[in-house]
Amino acid sequence: MGQAPRNKPKRLGEKLLQIREALGLSQKEMAEQLAERTGFKINHKQISHYECDRSEPFLETTLAYARLASVEMNDIADDDVDLNL
């Protein structure tokens, strides 16, 4: 038994890439910023995986993206909302 897997936003990777590019950061710089804010070990390969939808960041990491970009978490998670950066 167990729970059914939850649906991942289809545009999550696209939006995380958009945030990083709007901030003018490399993947390495973004990883450093996120690691500093979350306390997690994050490297540039993980950023690439997030942006290419190969993996999904932890909730705390997504929140750190939102705070860095001054956007609402809902705007990142909602596929029907475009980011206004």
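Laboratory data are not the source of any read-out in this text; all were calculated from the coordinates shown. This structure is a prediction, so every number in the text was calculated from the model and none was measured. Backbone-built Cβ (ideal geometry, glycine too); neighbour counts: all protein chains shown.
Points worth noting:
- Residues of region 38-48 satisfying the condition of being in contact with a helix residue (DSSP H, G or I) (Cβ under 7 Å, 6 or more places away or on another chain) and within 15 Å of ARG20 (Cα to Cα): ILE42, ASN43, HIS44, GLN46, ILE47, SER48
- Among the residues of region 49-61, the ones that are in contact with a helix residue (DSSP H, G or I) (Cβ under 6 Å, 6 or more places away or on another chain), in contact (Cβ under 8 Å) with a residue 40 or more places away in the chain and surrounded by fewer than 20 Cβ atoms within 10 Å (Cβ to Cβ) come to 1 in all.
- Residue in region 18-30 that is surrounded by the most Cβ atoms within 10 Å (Cβ to Cβ), counting only those that are within 21 Å of LYS8 (Cα to Cα) and in contact with a helix residue (DSSP H, G or I) (Cβ under 6 Å, 6 or more places away or on another chain): ARG20
- Wholly enclosed helices (runs of 4 or more DSSP H) of region 1-72 bearing at least 3 residues more than 17 Å from ASN84 (Cα to Cα), under 12 Å from the mean Cα position of the chain (by Cα) and not hydrophobic (A, V, I, L, M, F, W, C): 44-51
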